Structure formats: structure tokens, C-alpha cells
Amino acid sequence: MQPIESIIFDEIKKAVETVYNQPVVPALIQLQATRKEFDGDITAVMFPLLKMSRKSPEQTGEEIGAYLKEKLPLIDSYQVIKGFLNLKFSPAFWLERMKTMAATPQFGQHPDNGKTIMVEYSSPNTNKPLHLGHIRNNLLGWSVSKLLEANGYKVMKVNLVNDRGVHICKSMIAWQRSGHGETPLSSGIKGDHLVGKYYVLFDQAYKSEIEALKLQNVPQEVAEKEAPVLSEAHEMLRKWEQGDPATIQLWETMNSWVYEGFDATYKRLGVSFDKIYYESQTYLLGKSLVQEGLDKGVLYQKEDGSVWCDLTGDGLDHKLLLRADGTSVYMTQDLGTAQQRYQEFPSEEMIYVVGNEQNYHFQVLRLILKKMGFAWADSIYHLSYGMVELPQGKMKSREGTVVDADDLMEGMVQTARETSIELGKLEEMPATEREELFEMLGLGALKYFILKVDPKKTMLFDPKESIDFNGNTGPFIQYTHARIKSVLRKAGEQGYAPACTEAPLLDREVSLIKTLNDYPERIKEAGMAHSPAIVANYAFELAKEFNQFYHEVSVLKEPNQKVLIQRLLLLEQMAKVLTHAMDILGIKLPDRM
């Protein structure tokens, strides 16, 4: 279905060439949505065309408007306001648009463009469970992937697990010191939660040792570096990189606990991956790239053996790539992972969904790869998103002051349960179906509240606000879909089936069709911006507009059967678009509520 803007663009180009006998540069044809205070659907700006017409903006608008009215049956009327030509389309045109939408499977889905994009998200550390910040990361990564698929791309969804490094060793040291053989099975604690417990215990021991050293008149800065428990963690990392069997065995055991816990969280959250990479497997490739960089003279080595990249010529600083003891850093691993991925899955774009505190990291990653001669480094795109904050401030994993992902999901489902029961109307629904509905509503509220915010913005998470059945929330859209399905179900029971009958349209119906017609362009816009928020807020506007229609027009009590079944077709299309849009956000819509 050709976009309306494209139709009008082509016809205005013909109008200028015909009426003024002048070629027109395409960039001079400017279109925009008509402002709400004026009558019209699309507005053409006349000022750039005055060089061809050599007339006033008003006269130019009148002449082009008259040409379009004569040549295009879809133009119902036009109006010139100063230098703006407002075009209004006919009801017959909008009716035809609805018929085309209804005949288009997966309306809004763009055709396959033959291109591949890779999206990395989640990237957890195996020293703690997933928390609220990870939820935003996972939901963004999943939704952006679905959004790009809707725009015709093949998407590879990947996860890079940070399963090595001194932070992993911290949990291991704490478990060795005070675990007494505790396991998820013996304690009844979910594996990732158990390992996270020891990460917090490490921090407590570390702070205690710092204070003890300070009592011995050791300066704060020195105490922070020389605390025995931290030295043990660094020594464990060296043993790990040297392949010490006992260290490797403990590492594998504790990581297996974490992976089992992660899988359960991912499943409930509704996200998955096409491939999972592990830093323990890619850091050696990164080290080989560092050696290659040294051989090429792109990198340099200090007397202590550490390896660096000089980025001062690019307005940055010197970046460490290998420590003096030969152990690698995050950047080393990311170099290796990036090269391996591109070799395995050459992509138009490699998107990293990572918080904005890592902006510098990805700027450096691109620069170093380019300096090493990898042309594909320009395909790296950092989807930099803002942090999730709580009313009481920022979260801190090492202090155990985070909102746990599992607890949050369970809490959202419980809130949905309490809210739904309080509203009533579920007494006749079977218990199993009710529980499925509560899960759908709770997770839908969580996902929508996070995804409706532009990714670049820092957001404040408010669980109570997110579950509201009124306003810009997931449950409001879910309830709207259930309401539409209820009308369609009751109509079917009365023997009515949706169909186009060429019946006259109300202004409110035309408005709904216009909003539906915008959907493919909103998908395209959202894909270009890597922003599911555009889709989320479109779905809310559509749901809100339907509810206004529903309260003004009684669909099932309409005496004219042709009008009734045509309205059913409009409702059916609305349900399809809402389902497609919310599926991009990973949100399920109930048929009953």
C-alpha cells in the first residue's frame, strides 16, 4: 500500500511541472501533517515553490490545490492558509484504505530487505542476579530486535555473558571464606541469588578490612588497594587465567548455578537469544588482537609490560588493554568478541544495548578497531539508554540495594491480581485462566511502563502507576483489546461477520482509519530511531481513540446492518494492529478481562 505522502509528493511534482512548466528539485516539496486547528489531512508548504511559480504563496497554493482537486479523486477539498496548502481526503478514499488494510496480512510489517542486523543485550555478570536495570536492558534489546524484524531485517539476537574477571572472583572468594559448602539445592535459594549473596558478603568483608587497616594508620587509598580480601580476588583471577584446576572447577560450579537462575528469569520475562557468547571464550581472541596491534605499531607497551592505545590524537586519552600482569580488561574482550561476531554474522549494523555510563567505552571500541584496519567498525552502534531510578535513588549491587528482577516480576503479578480482584468481573473465569490473566497484566504493565519512555532518557520506575487500568499504561491497552474482542465475539454470536459494505463513515470512524493508516510509518520511524517508545505511544493513542469512539457509538445496537458489519471490520483491524504493536513490545493481549 503506497503511503499517502508518496502519492501527494508525486502529484505536487507533476503539478509544478505542468502548471509552471518548470522542473522541480524534490527537496523543495515539503509535506507535513495538517495542524489540528485546521481542516485537512496533509499540508504542503508553498514557500519553497515560489521560485518556480513566481507568484505569491496564496496564489501558488490555489493553483496547485485546484490542479490536485481535478486530477486526484482522493482530494475532497483544499484550503490555503497563507503559504500552506491543506488537503482533505474524501471518505471514499479512507474507506478504500480500510479495505486494503483488512486485506493485508500483518499490516504494518515491512517486506524482507535481505539485510542482517545484530543486537546484543542483557550482558549480565555471573556474580549477581538480574535487577531492574537489567530488565530495562533486556526489554529494550528484545523490543528493538522485534522492531527491526518488523522493518524487514533479519536480526541476530545475542548475549555476551561476563563470566570472568575480578568481580566474578569476588563472589568465589567470599563463598570459599564463609560458604561452608552451601549450594542452591542445600539452601533452597535460586542459584543467581545465592552467588549474588556472596558478592554482597565480599563487599562487606572488603569494607571491614579497609577500616581495620585505617586503624593501623594506613591511608584510605592504600587500604583500598591492599585489603587482603581484594588481593585474594586478584590472585584468584591470575590462577584462573593460568588454568588452575581447582579455581576453574569452582568457577564452573558457581557459574552453572547462575545460568540456571538466569534462564528462569529470561523465560518469565519473555526474552531469548539466537546465540550466547562468553567472555571466558573471547578474551583470548582479544589478547591476540592486542598482540597484532602491537606488531602493527597501533598499540604500545610500557616498561611494566602493560599494553595501551594512544587516543590523544582523537581528543581522548590513553586506553589500557592489558594489565602489567598480563590479565585482560573489558575492552580486550570486546575487541575479540566484535571480530568473532562479524566473521560469523556479517551485519549492516552491530547494535550494543548498554547503559549511557558506557558511552566512552564504545567510542573507544570503535576507534581502536578502526585503527587496526577493520572497516566494519563503523557499523557498531551503541544504543545508549538512561538509567532506571527509584524514588529512594540509585541502586547499588555490591551493597545489595537493588530491585531484584524476580521479586519485581512477582510483585507486579501480585499487584495485578489484587487490582483485578478489587475491580470484580472475574468471578466466573476459571482459576487457571485468571492466573494466566494476572501474569499477562502484571508483566504487560512492567514492560509497557519501561518501553513507553524514550530509551535515551533516565526514568523513574513507579510500580503502582504502571498497573493503572486508566491512562498511558499496558493494562489500559490490554483492557481495550479485550473490549474490542468482546464486541466482535458478541456480534458473532448474533450472526454478524465483519465486512466492507461501502456504508457512509462517521467523522470519528474516519479519524480511526487515519490513525490506523499511520501505523506502517510509525514502525519505520521507530526502527530508524531504535525506539520502541514510538510504537508504545502509538498503541496508547489508538486505544484512547477507540475508547472515545466506543463511548460515543453503540456498535451492536446499530439498526443499519450494513453500517454495523462495516464497523466490525474497523474494530477487527484495530485489534490486529494493537496485537502487532504490542507484540513488538513483548506484551500479550487478553481476549477477555
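The values are calculated or read from the model by the stated rules, or taken from the named source; none is laboratory data. Every value quoted in this text rests on a predicted model; they were computed, and no experiment measured them. We place every Cβ from the backbone using ideal geometry, glycine too, and count neighbours over all the protein chains shown. For accessibility, only protein heavy atoms count, side chains too; no ligands or nucleic acids. Shrake-Rupley method; radii C 1.70, N 1.55, O 1.52, S 1.80 Å.
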Worksheet item: What order do you get for 308-317, 516-525 when each peptide is scored by the mean count of other beta carbon atoms within 10 Å, highest first?
Response: 516-525, 308-317
Worksheet item: Hey, what's the per residue convex hull volume over the C-alpha atoms of segment 283-396, in cubic angstrom?
Response: 133
Worksheet item: Say the cut-off is 29 Å between C-alpha atoms; which of Lys207/Lys447; Lys275/Lys447; Lys267/Lys319; Lys146/Lys170; Lys485/Lys562 go over it?
Response: Lys207/Lys447; Lys267/Lys319; Lys146/Lys170
Item to complete: Could you calculate the contour length gain from Leu460 to Glu182, that is, 0.36 nm times the residue separation minus the distance between their Cα atoms, to one decimal place in nm?
Response: 96.4 nm
Discussion item. For the ranges 453-461, 379-387, 99-107, what's the packing order if you count other beta-carbon atoms within 10 Å of each residue, average per peptide, and put the highest first?
Written reply: 379-387, 453-461, 99-107
Worksheet item: Between Thr312 and Ala375, what FRET efficiency follows from the Cβ-Cβ distance if R0 is 30 Å, with the result rounded to 0.05?
Response: 0.80
Fill in: Residue-by-residue Karplus 3J(HN,Hα) for segment 76-87, coefficients 6.51, -1.76, 1.60, Hz, glycine and proline x
7, 6, 9, 8, 9, 10, 6, x, 10, 9, 8, 10
Fill in: Residues whose placed amide H lies under 5 Å from that of Ile351, excluding near-sequence neighbours
Met118, Val119, Glu120, Tyr381
Worksheet item: What list of ³J(HN,Hα) couplings, whole Hz, do you get for segment 404-416 from phi and the Karplus terms 6.51, -1.76, 1.60, once you set θ to phi - 60° and write x for glycine and proline?
Response: 5, 4, 5, 5, 5, 4, 5, x, 5, 5, 5, 5, 5
Discussion item. Let me make sure I get this right: for segment 1-105, a, b and c are the square roots of the gyration tensor eigenvalues over alpha carbons, sorted descending. Under 1.5 in a/c it's rounded, otherwise prolate if a/b > b/c, else oblate. Which is it?
Written reply: prolate
Fill in: Three-way shape call for the chain based on the alpha-carbon gyration tensor, with the a/c threshold at 1.5
oblate
Item to complete: Would you give the gap between the C-alpha center of segment 288-348 and the C-alpha center of segment 453-484, rounded to a whole Å?
Response: 43
Worksheet entry | Contour minus Cα-Cα distance for Ser56 and Glu303 (0.36 nm per residue) | 81.5 nm
Worksheet item: Using unit Cβ charges (K, R positive; D, E negative) and no other charged atoms, how large, in debye to the nearest 20, is the dipole of the chain about its Cα centre?
Response: 1060
Practice prompt. Express the carbon and sulfur contribution to the solvent-accessible surface of the chain as a percent, rounded to the nearest whole number, probe 1.4 angstrom.
Written response: 50
Fill in: About the Cα centre, charge dipole magnitude for segment 66-165 (Lys/Arg +1, Asp/Glu -1 at Cβ), debye
160
Worksheet item: Taking the Cα centre of the chain as the origin and placing charges on Cβ (Lys, Arg +1; Asp, Glu -1), which of Gly165, Leu571, Thr501 is farthest toward the positive end of the dipole?
Response: Thr501
Discussion item. For Tyr278, what residues show an amide H to amide H distance below 5 Å, using hydrogens built from the backbone and excluding near sequence neighbours?
Written reply: Val161
Worksheet item: Between rounded, prolate and oblate, where does segment 213-353 land on the alpha carbon gyration tensor, with a ≥ b ≥ c its root eigenvalues, rounded for a/c under 1.5, else prolate if a/b exceeds b/c?
Response: oblate
Practice prompt. Compare the peptides 402-414, 128-140 by average per-residue count of other Cβ atoms within 10 angstrom and give them in order, highest first.
Written response: 128-140, 402-414
Worksheet item: How far, in nm, would the chain grow between Leu31 and Tyr330 when pulled straight, counting 0.36 nm per residue and subtracting the alpha carbon separation?
Response: 102.9 nm
Worksheet entry | Cα→Cβ-extended label distance, 7 Å offset, between Cys500 and Glu70, nm | 2.9
Worksheet item: Alpha carbon centre of segment 104-126 versus segment 507-557: separation in Å?
Response: 23
Practice prompt. Please give the per residue accessible area of segment 138-281, computed with a probe of 1.4 Å over protein heavy atoms only, in Å².
Written response: 45
Worksheet item: How big is the antiparallel share of DSSP beta bridges in the chain, given as a percent to the nearest 5?
Response: 50
Worksheet, complete the sentence: For segment 30-37, Karplus-derived ³J(HN,Hα) couplings (6.51, -1.76, 1.60; θ = phi - 60°; whole Hz; x for glycine and proline) come out as 10, 10, 7, 5, 5, 4, 4, 6
Worksheet item: What is the set of long-range amide H partners of Val453 at a cut-off below 5 Å, with H atoms built 1.01 Å from backbone N?
Response: none
Fill in: Rounded FRET efficiency, nearest 0.05, which uses the C-beta distance separating Met429 from Ser384 and R0 of 41 Å
0.40
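What is the magnitude of the charge dipole of segment 246-380 about its Cα centre, with +1 placed on the Cβ of each Lys and Arg, -1 on the Cβ of each Asp and Glu, and no other charges, expressed in debye to the nearest 20?
Dipole about the Cα centre, nearest 20: 80 debye.
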